[in-house]
Amino acid sequence: MLQPLMHKLASQRIILASGSPRRKIILENIGLKFEIIPSTFDENLNKSEFDTPSDYVKQTALGKAMEVAKRLAGDVRPPDLIIGADTIVTMDDKIIEKPANKQHAFDLLKMDKAGGYGIQEAGGTLISKVNGDYFNVMGFPLHKFAKHVVELHKKGYL
């Protein structure tokens, strides 16, 4: 999906507003050229103020991108695209917090939920199938990202 745009994207200043090694690897593996400028956005939004976990995670990702955008506002070459991302785990439409300790991680495993292991590592041996985007489970919705980039290109933003 992105392959026809890769030459164009190579000339764009693209920022990944995350220090996540998994997001970095996913984007590098598709050949995207980007800078890493981790966001300092304080991820403490009140989850109860959002109608859905999806609304919460989108606002957190936006907050990360906007924080980096503010820091880079005066740059001689401003970014063409800032990628903000966040990952949450949900169960019954409720956010499951990151494991606080080994026991909490073990309890999450018993619920068949992520957050306590990496699917791309030994934890992947625990998984028999994934419904949806495998890369989303790793921490970055690659297919959705690609669709958004194509749309931005069609609209003339990239």
Skipping prolines and chain starts, which residues have an amide H placed within reach, meaning under 5 Å, of the one on Ile83, given they are 5 or more residues away or on another chain? Ile15, Leu16, Ala17
Count the net charge of all other residues whose Cβ sits under 12 Å from the Cβ of Phe41, scoring Lys and Arg as +1 and Asp and Glu as -1. -1
If amide hydrogens are placed 1.01 Å from N in the peptide plane, which non-local residues have theirs closer than 5 Å to the one on Thr90? Ile96
Spelling out what I want: for every residue of the stretch 33-38, take phi, set θ = phi - 60°, compute 6.51 cos²θ - 1.76 cosθ + 1.60 (Karplus), and round to whole Hz; glycine and proline get x. 9, 7, 9, 9, 10, x
Using the Karplus curve 6.51 cos²θ - 1.76 cosθ + 1.60 with θ = phi - 60°, what ³J(HN,Hα) values do you get for each residue of the stretch 142-150, in whole Hz, with x for Gly and Pro? 4, 4, 4, 4, 4, 4, 5, 5, 4
Net +/- balance of residues flanking Pro79 in space, Cβ distance below 14 Å, scoring K and R +1, D and E -1: +2
Sort 51-57, 14-20 by packing, meaning the average of other beta carbons within 10 Å per residue, with the highest value first. 14-20, 51-57
Beyond 29 Å (Cα-Cα) in this structure, taken from Lys94/Lys154; Lys24/Lys154; Lys33/Lys94, we find Lys94/Lys154; Lys33/Lys94
What shape does the stretch 13-87 take by its C-alpha gyration tensor, where a ≥ b ≥ c are the square roots of the eigenvalues and a/c under 1.5 counts as rounded, a/b above b/c as prolate, and the rest as oblate? oblate
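Bear in mind that the values in this text are calculations on the coordinates, not laboratory data. Here the structure is a predicted model, which is why all the values come from computation and not from measurement. Cβ coordinates were reconstructed from backbone atoms using ideal geometry, including for glycine residues, and neighbour counts include every protein chain displayed.
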